[in-house]
Amino acid sequence: MKKMNTLLENAAQRAGTYLDNLSSRPVAPTPEAVSRLAAFDYPLQNDPLNPAEVLRELDEIGSPATIASAGPRFFGFVIGGSLPVALAANWLAGAWDQNSALYNVTPGTAAIEQVALHWLLDVLRLPGECAGAFVTGTTVANFTALAAARHAALEKAGWNVEADGLFGAPPLEVIVSAEAHPTLLKAIAMLGMGRDRAIRVPTDKNGAMRADALPALSERSIVCVQAGNINTGAFDPLPEICTAARKAGAWVHVDGAFGLWAAASPSLARLAEGIDHADSWATDCHKWLNVPYDSGVAFVRDTNALRAAMSITADYLPTASEYRNPADFTPELSRRARGVEVWAALRALGRSGIADLIERTCRYARRFASAMSSAGYEVLNEIVLNQVLVSFGSPDTTRQIVSDIQADGTCWCGSTVWQGKTAMRISVVSWATTESDVDRSIEAILRIAQSSKKKHANGS
Ligand SMILES: *Cc1c(COP(=O)(O)O)cnc(C)c1O
């Protein structure tokens, strides 16, 4: 055991040094660090190697080639870092190595995950009776929840989709926003419901679905709404859509990968108003809750629909009607206990800590936006949450400036195309970001944008 301790301390030492240095290194890995990855390119040797040596190689070649997304000035995508407590819990749960499929076999992690689920429902203001599943991310959470929706809609039509498949089944009608996240369409495709068959509802100029453009709904309809547009942060009009769906007996699914977390903040909860009237929800904990990847969660109001879509039975698998077997609710059987990190993050932050994390990052997004517009650059979206879209002029200019910002290394922002306009996207999601990180990043962005403008003016 002594040896094990030494190795883990070695790993902790290396990880600690890595994290401590994140704030002072360039956010994007340097081209030199990336080219040194070639050192990994050799055939596997025949003999075992000392674990400490393995770790050393990983750290010396691997660490410098990472992007500092765990650090305070990474604003790409919507991904955030890891809270120290979540990372630490991830290590401990990794040491436990529990296959969290069955309560009777892994009661500890099954119970902790159940508590985490209840806390999530509470924090996100979702109905307490929901069933839940810890999955890899929102892609799979969408898949899981929509499998339950598919089950329920076809069951009403007298069809058992798990037993009989989709060949010959009554058709369902899936309705999505024109601004649906591509992974939602992938989930629809994986479920055999056809991504091109989905009816796309037009949106307003901030990317929210237009409730007045919703087609007529029926018991065969599954309406997929969005809480938090990936570009603008916009929320679809949940109360109107849920009311129309309820009347028709349709299912409403919410893709709330990050936006669902608005509900955890008293000052932003109005954005998520009506969300509890939906039937299923998907979210990520590796985004705004800042736990390590992979950590998505699906919630489904109708426990039986989710269980029918996901459960398996086999003679060698102990079933327990008095317990919740996590595997009855997830696509996976074997899986790591990702809910443990979620538990740890929630426990460490408490309600006020979660609200503060969400509100603070949204405040920083507004700080970015006002600095950009004060400097004369166009902010393309209404800042409702943590997302900011900035245009520096023509598509080429914007793309060039984004690429210069990434190469400069003070911070990292990505690019996107929003309603035909090329933009830089700033997503503020990390617990580690401070106001001075925001100001340092603003300074760098403006310095780079202005020097590019001069270059253009000089025709060079
Ligand atoms: C990130 C995101 C997804 C996909 O989540 P993964 O965890 O990457 O699978 C889906 N929908 C929205 C709105 C997102 O922001």
Q | region 190-208, subset within 14 Å of the ligand (Cβ to nearest atom) and open to solvent by less than 50 Å² (accessible area, probe 1.4 Å), residue nearest to V225 (Cα to Cα) | A | A208
Q) Only one of (1) in a loop (DSSP other than H, G, I, E, B); (2) over 20 Å from the mean Cα position of the chain (by Cα) fails for A148. Which number is that? A) (1)
Q) Taking strands (runs of 3 or more DSSP E) that do not extend beyond region 220-316, which have at least 3 residues that are farther than 19 Å from A198 by Cβ and either within 16 Å of the ligand (Cβ to nearest atom) or of a type in the set (S, T, Y) (or both)? A) 296-300
Q: Give the residues of region 411-425 that are crowded, with 19+ Cβ neighbours inside 10 Å and either more than 22 Å from the chain's Cα centre (by Cα) or under 19 Å from K454 (Cβ atoms) (or both), sorted by residue number.
A: T422, M424
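For every residue, the table says whether it meets (1) surrounded by fewer than 16 Cβ atoms within 10 Å (Cβ to Cβ); (2) away from the ligand (no atom under 16 Å from the Cβ).
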residue: D47; (1), (2): yes, yes
residue: E57; (1), (2): yes, yes
residue: E60; (1), (2): yes, yes
residue: A68; (1), (2): no, yes
residue: F74; (1), (2): no, no
residue: L83; (1), (2): no, yes
residue: L87; (1), (2): no, yes
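Out of R338, R351, R366, report the one residue that is touching a residue at least 40 places away in the same chain (Cβ under 8 Å) and more than 19 Å from the chain's Cα centre (by Cα).
Numbers: R338 fails: more than 19 Å from the chain's Cα centre (by Cα); R366 fails: touching a residue at least 40 places away in the same chain (Cβ under 8 Å).
After ruling out the rest, the residue left standing is R351.
What about Q13, is it assigned to a helix (DSSP H, G or I) and polar (S, T, N, Q)? Quick ask: steps written out before the conclusion?
Values: assigned to a helix (DSSP H, G or I): yes; polar (S, T, N, Q): yes.
Spelling it out, Q13 is indeed assigned to a helix (DSSP H, G or I) and polar (S, T, N, Q).
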Q) Out of curiosity, is L333 touching a strand residue (DSSP E or B) at 6+ places or on another chain (Cβ under 7 Å) and not charged (D, E, K, R)? A) no
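The values are calculated or read from the model by the stated rules, or taken from the named source; none is laboratory data. Because the structure is a prediction, the values reported are computed rather than measured. Every residue, glycine among them, receives a Cβ derived from its backbone with ideal geometry; neighbour counts consider all protein chains shown. Accessible surface is based on the protein model in full, side chains and every heavy atom, while ligands, DNA and RNA are left aside. Shrake-Rupley method; radii C 1.70, N 1.55, O 1.52, S 1.80 Å.
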